[in-house]
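Here is the structure we will look at.
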Amino acid sequence: MEYKTTLTTCTYCGCGCNFYLETLDGKLTNTIPCKTSPVNEGKLCIKGWNVHQFVQNDRRLKKPLLRKGGELVEVEWEEALAYTADRLKAVTAEKGGDAVGFLASAKVTNEENYLLQKFARAAIGTNNVDHCARL
Amino acid sequence: MIETIKQHVAGLLTEKKIAGFLGLIEKNGHVAPHLFKDGESLAGFTLGDRKTAGDARYPLNKTLVTLSRAYPEETFGVLVRGCDERGLYGLFRLNQLTEDRVIPVGFSCPAELSEACECRKPYPDSLVAGEKTESSQLKKVAEMDGKDLARRFDFWTAQFVKCVKCYGCRDVCPMCFCKECSLECEDLVAKGDLPVEVPVFHLTRAMHMADRCVDCGLCDEACPSDIPLRLLYKKTAQIMDTDYGFTSGLNKNERSPLSQMGPAK
Amino acid sequence: MTNGVAELENTDTIFIIGSNTATAHPLVATRIFRALEKGAKLVVADPRKNQIAEFADLYLQHKPGSDVTLLNGMMKVILDQGLQDQAFIDANTEEFDGFKALIDGVDLDACAAATGLTVDGIEQAAALYAKAGTASIVYCMGITQHTNGVDNVKSLANLSMVTGNIGRESTGVNPLRGQNNVQGACDMGGLPNVLTGYQPVTLGAASKKFADAWGVDELPTQIGLTIPEMLSGIEEEKVHALWVMGENPVVSDPDADHVVKALEKVDLLIVQDIFLTPTARLADVVLPGCSFAEKDGTFVNTERRITRVRKAVEPVGESKADWEIIRDVSNAFGFEMAYDSPEEIFTEIAELTPSYGGVSYGRLEGDGIQWPCPTPEHPGTPFLHKDGRFTRGKGLFHAIEYKGPAEVVDAEYPLWMTTGRVYAHYHTGTMTRNSVALDREIPEGFLEIHPEDAAAIGVCDGHRVRLASRRGEIETRVSITERVEKGVVFMPFHFEEANVNKLTNPSFDPIAKIPELKVCAVAVEKI
Ligand code: SF4
Ligand code: SF4
Ligand code: SF4
């Protein structure tokens, strides 16, 4: 029996509400707004209250997919990583770093956005980094 | 007060009378619901008073229902105030919890909180710590009743139209557990974009809470639009009391007049 | 936002323009409701009468795309009636004279005609805003998603400066960020022109600092491409590979058919996401990332508050945290990254980013921190531009002339269409439409249309219609309502099967490169 509450920040809108994700034996069971958060003071909108529902949804991607013979098929991580890195190497070697573009995301963490732009700028050598702030 | 409760809970845990104690813990600079499983882990235990008394209360009974469904053979301890214990009595009555699988650990609320809540029963029967404080009068309901119908109507319409349809009042409520909720029934409440259908949405919920609401006020605190839901449900409860002599969870084993056939008492 | 969300509670006049606040930012609406309870005045300007407009003391239903005209009209009234804060203007701003010259030339009757409002309405709005002790402006995508989006924003800045409503508590110009971590993505250098903390890529010193820290000889100093430029770069065969992390441009970007063509054409499309989105379906390789509940990290909200994201459950299947995926690809590529946790990455960010310099995971326990926070002792910054101290020294007035939207209605496409959100869904619906409760709430897209327009094409509530623009067509169901004016239709953009972005106009603002999602011309017919 493992019951846990984890304090975190909403992944939907820019209000940035804080809530507890409730888990029982590794399964998300509920979302409870944090009463003492200065942002949302124990309140949430409908999206926040139901945020635990999409996480363990059956339709989630569980393995990397690679296009083979026109179809996306499941592959092991090793193959997907090697493919991605090799193709990126080929494009940069042939056409230069500015032939690669990166879409960062308003949905992932700061740390992840940081890493993506670091990879773009330092490894690939391009400033072609943008995200949909404008949308 | 808190030390007495800790000792009591540590006793229950070491004697293996309970599989776990559902209470509150201080973590990440906030107060969180927590399942304590052994005596030593009680270090961060808190009663949920942060800046003011009772400002960090959580629907522990709701979690208790989830836990009991997953572990029906286990007995759990749970931290209760007066309203929470009334909730437990209601949940026993409505077959959502089994009485002999729950050990309430109660403490009383201070007079200031009792007054702010206009609480009928600011102390639980299973009092482990604190004194029995006085119950308070329903001043706000009387005040509202003093206004004429047109002004009351305007007041409530202006409040309801603020609703952002978060369903938080239902989702936080320890007494809401239906698998199919009438608020989501399209024949009752119209679907579609905001604003919500006024006053059907809020009155449907008020009706459904008539013999359940234990006046914990958690819905009121969860409402992003500051709609005074507790006042609405207090009024409903008052009607239940004067017309049927029934108050949800006030006494153990009392049955709801709404689920009995025959003339009212 | 220049100011904190909670400060709105104590504002005397709140001016909301182009924000469906109660729907898109419900917890900001909370503060607005509280301010109203305390007697604040509310002015709402929006082509669609959204929920928050119900509470307005003054509601202005101006024509889509006529924001600058409305704002210039308000400022004309302010200057004519001497309602400006001249002391503030003299002490803290520049270029007021040029601005004043333009405003002096504004004709109120022409403004009224162009916006579809009355002169009296514009005067009342100006008075409510300018005469308040404290006045806050709240805006959202309704202001920015236009070909003249930057003009709109500058006009709002003008309005706040002309009345001295900036740099004090409960004032300011407050954009509500559409998505949870837009602020963070910008702060982290997820933009073609800046590194973290808005350090320009063109600035040698910044570039050198990052190059040293990252162990490379040099970094590119030329400004990169924006999304629309990357897409056209693909067509022009300048861009050959695209890595899309957690975005769904096929549904979110304007002129969807055109986006699909570009993504089909690009030689290498890498998509990192948690679901097989319409964008991911076009990929050469799909890397399964994991959701916010399955990893550690930080987000930044609309008031610049950095708070923690904490892992609650193990990743689904073999999915991995996005930071792990980037690290692993980078290592396979031959650029070494040796991070073991997001906290290590954050420490590196804080070292390289002055505005984050004093922030650490330890300090984020409790309430989080609002940047700028340069040192470990610094408490963070609830509101910017304190006492008129602007980032660039003095606040700069811009004389902004009205430019109409890029596309206008004509006989073939006679209706203005504008797009937005509904309360139960978020963005492209990738997450919300996979949530049982939210999908049940609003399962499909719809088109809001005025009763007279509906009658003209002979449809009743619930009927299906075909909706066409110069770029494409879609089918959807109509919802008849007076929330929209005659001649204007509204459609939410969360639904891929009725993808409104097949219709929208990709013309974008020349500076911010934001596409004009809020206005285009359409025709509607009964099916
Ligand atoms: S709970 Fe709702 S209001 Fe709060 S951050 Fe999430 S989406 Fe925004
Ligand atoms: S006060 Fe509200 S949350 Fe508490 S029991 Fe009554 S309806 Fe439920
Ligand atoms: S909590 Fe308030 S806003 Fe949310 S559904 Fe209930 S009444 Fe409406």
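Readers should treat all values here as calculations from the given coordinates under stated rules, not as data from a laboratory. Computed from a predicted structure; not experimentally measured. When we count neighbours, we look across all protein chains shown, and the Cβ atoms used for this are built from the backbone with ideal geometry, even at glycine.
Between C:167, C:45, C:125, whose Cα lies farthest towards the positive end of the dipole of segment C:6-176 when Lys and Arg beta carbons carry +1 and Asp and Glu beta carbons carry -1, centred on the Cα centre?
Result: C:45, furthest along the dipole toward the positive end.
What does the charge dipole of segment C:415-526 about its Cα centre add up to, to the nearest 20 debye, if the Cβ of each Lys and Arg holds +1 and the Cβ of each Asp and Glu holds -1?
Numbers: 14 positive and 16 negative charges, 51 e Å.
For this selection, approximately 240 debye.
In the neighborhood of residue C:317, defined by Cβ-to-Cβ distances under 13 Å, what is the net charge if each Lys or Arg adds +1 and each Asp or Glu adds -1?
Numbers: positive: A:59, A:60, A:62, A:63, C:320; negative: A:58, A:74, A:76, C:294, C:314, C:318.
Around residue C:317, the charge tally is -1.
Determine the shielding of peptide B:164-177 by partner chains: average, over its residues, the number of Cβ atoms on other chains within 10 angstrom of each Cβ.
Details: counts 15, 9, 13, 8, 9, 0, 1, 10, 6, 0, 0, 0, 0, 0.
That average works out to 5.
Enumerate the calculated ³J(HN,Hα) couplings along segment C:102-116 in order (Karplus 6.51 cos²θ - 1.76 cosθ + 1.60, θ = phi - 60°), each rounded to whole Hz, writing x wherever the residue is Gly or Pro.
Result, ordered by residue: 5, 5, 4, x, 6, 10, 4, 5, 5, 4, 4, 5, 5, 8, x Hz.
Give me the net charge for the shell around residue C:442: Cβ to Cβ below 15 angstrom, other residues only, Lys and Arg +1, Asp and Glu -1. Walk me through the numbers on the way to the answer.
Details: positive: A:47, B:165, B:191, C:421, C:433, C:440, C:477; negative: B:184, B:186, B:193, B:197, C:439, C:441, C:444, C:448, C:496, C:497.
Charge balance in the 15 Å sphere: -3.
When C:259, C:201 are ordered from fewest to most other Cβ atoms inside 10 Å of their Cβ, what list results? Please list the in-between numbers first.
Working: C:259 25, C:201 22.
Listing C:259, C:201 from fewest to most nearby Cβ atoms yields C:201, C:259.
Please identify the longest segment of chain C free of exposed trypsin sites (Lys or Arg not before Pro), where exposed means a DSSP state other than H, G, I, E or B and no more than 13 other Cβ atoms within 10 Å. All intermediate terms of the calculation are to be shown ahead of the outcome.
Values: sites that count: C:38, C:389, C:392, C:403, C:486.
Here the longest segment lacking exposed loop sites spans C:39-388.
Scan segment A:33-135 for GluC sites (Glu not before Pro) in coil per DSSP, keeping those whose Cβ has at most 13 other Cβ atoms within 10 Å, and list them by number. Let's see the in-between values first.
Details: sites: A:41, A:71, A:74, A:76, A:78, A:79, A:94, A:111, A:112; in loops: A:41, A:76.
Those that pass, being in a loop and sparsely packed, are A:76.
Quote the charge dipole size of segment C:6-176 about the Cα centre in Debye, to the nearest 20; the model charges only the Cβ of Lys and Arg (+1) and of Asp and Glu (-1).
Details: 12 positive and 21 negative charges, 114 e Å.
In total the dipole reaches around 540 debye.
Pick out, in residue order, every one of the GluC sites (Glu not before Pro) in segment C:18-111 that is DSSP loop and has at most 14 other C-beta atoms within 10 Å; say none if there are none.
Answer in residue order: C:95.
Relative to the Cα centre, what is the charge dipole magnitude of the protein assembly as shown, using +1 at the beta carbon of each Lys and Arg, -1 at the beta carbon of each Asp and Glu, and rounding to the nearest 20 debye?
Working: 100 positive and 129 negative charges, 370 e Å.
With Lys and Arg at +1 and Asp and Glu at -1, about 1780 debye.
Just flag the trypsin sites (Lys or Arg not before Pro) in segment B:151-221 sitting in loop per DSSP whose Cβ has no more than 10 other Cβ atoms within 10 Å. Numbers along the way, then the final one.
Values: sites: B:151, B:152, B:162, B:165, B:170, B:179, B:191, B:205, B:212; in loops: B:162, B:165, B:179, B:191, B:212.
Loop-located and lightly packed - B:179.
Enter the Cα centre distance for the pair segment B:188-265 and segment A:23-82, rounded to the nearest angstrom.
Taking the Cα centre of each part, segment B:188-265 and segment A:23-82 sit 35 Å apart.
Which residue, A:33, B:225, B:20, has the largest displacement toward the positive end of the dipole of the protein assembly as shown when charges sit on each Cβ (Lys, Arg +1; Asp, Glu -1)?
Going by the charge dipole, the pick is B:20.
Quick one: which residues, 5+ away or cross-chain, put their amide H under 5 Å from the amide H of residue B:31? H built at 1.01 Å from N.
Placed amide hydrogens put A:36 under 5 Å from residue B:31.
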